[in-house]
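Trainee: There's a structure below that I have some questions on.
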Amino acid sequence: MDNREPCPWRIVEDCGAAFAMGAIGGSIFHGIKGLRNAPSGYSRRLNSGLTLVRQKATVTGANFAAWGGMFSVCDCTLAYIRQKEDPWNSIASGFITGGLLQIRQGPAAMFGAAVVGGLILGMIEGVSMAMSRISGQMVLNEQMSAHQQQ
């Protein structure tokens, strides 16, 4: 279905990619936050922005890595149990990951986070399927027009 690494290495790859996304996004977010909330003066703002990036960007990256790693473990486990690689694995993995990461906050928070995780992954999978269907239709239309011109 896709050209990704097999499951044991997929977990490491996804965990690293999630850390990178979280660290880069966290650097941007916390840098802007530090610039906005600093006292006036360019050097103070720059210093505050860089300090906040150093303090918080790696924490954001680690949080993303935890989510990505847990998601990949769930996805690989479901693929092994079901012997299928399909969108339902991703949706269920999002549901399970959202719930497991909120388990310490109690059943209500756990269920809410699980539903949100499942919905987000459901939307991602839906958009992915729609895009592949649209691109497949475009390729089919191009082939038909090329065939008619001959």
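Throughout, read-outs are computed from the coordinates displayed, never taken from laboratory work. Every value quoted in this text rests on a predicted model; they were computed, and no experiment measured them. Heads up, the Cβs are rebuilt from the backbone with ideal geometry, glycines too, and the neighbour counts pull from every protein chain shown.
Trainee: Go ahead and set up a Gaussian network model of the chain, Cα springs under 10 Å, then flag whichever of 21, 129, 138 fluctuates most.
Mentor: Comparing 21, 129, 138 in the GNM, the peak value goes to 138.
Trainee: Pick from 22, 49, 69: which residue has the top mean-square fluctuation in a GNM of the chain where Cα pairs under 10 Å get a spring?
Mentor: 49
Trainee: Give me the net charge of residue 64's neighbourhood, meaning all other residues with Cβ under 15 Å from the Cβ of residue 64; Lys, Arg count +1, Asp, Glu -1.
Mentor: -1
Trainee: What angle, in degrees between 0 and 90 and rounded to the nearest 10, separates the Cα long axis of helix 87-101 from the longest principal axis of the Cα atoms of the chain?
Mentor: 20 degrees
Trainee: Still on this structure: Of 60, 77, 51, which has the largest mean-square fluctuation in a 10 Å C-alpha GNM of the chain?
Mentor: 51
Trainee: Using 1/(1 + (r/R0)^6) with R0 = 35 angstrom and r between the beta carbons of residue 7 and residue 120, what's the FRET efficiency to the nearest 0.05?
Mentor: With a Förster radius of 35 Å, E is 0.95.
Trainee: Test of understanding: ordering 128, 48 by Cβ neighbours within 10 Å, fewest first, what list do you get?
Mentor: Ranked by crowding around the Cβ, least crowded first: 128, 48.
Trainee: With θ set to phi - 60° and the Karplus curve 6.51 cos²θ - 1.76 cosθ + 1.60, what are the ³J(HN,Hα) couplings of the range 50-67 in order, to the nearest whole Hz, using x for Gly and Pro?
Mentor: Values per residue, Gly and Pro as x: 5, 5, 5, 4, 4, 7, 10, 5, 5, 5, 4, x, 5, 5, 5, 5, 4, 5 Hz.
Trainee: Would you mind finding the longest exposed-site-free stretch of the chain, with exposed trypsin sites (Lys or Arg not before Pro) meaning DSSP loop and at most 14 other Cβ atoms within 10 Å?
Mentor: 5-83
Trainee: Work from the charge dipole of the range 1-144 (Cβ charges, +1 for Lys and Arg, -1 for Asp and Glu, about the Cα centre) and give the residue of 137, 123, 60 farthest towards its positive end.
Mentor: 60
Trainee: Could you size up the charge dipole of the chain around its Cα centre, putting +1 on the beta carbon of Lys and Arg and -1 on that of Asp and Glu, and report it in debye to the nearest 20?
Mentor: Dipole size: approximately 900 debye.
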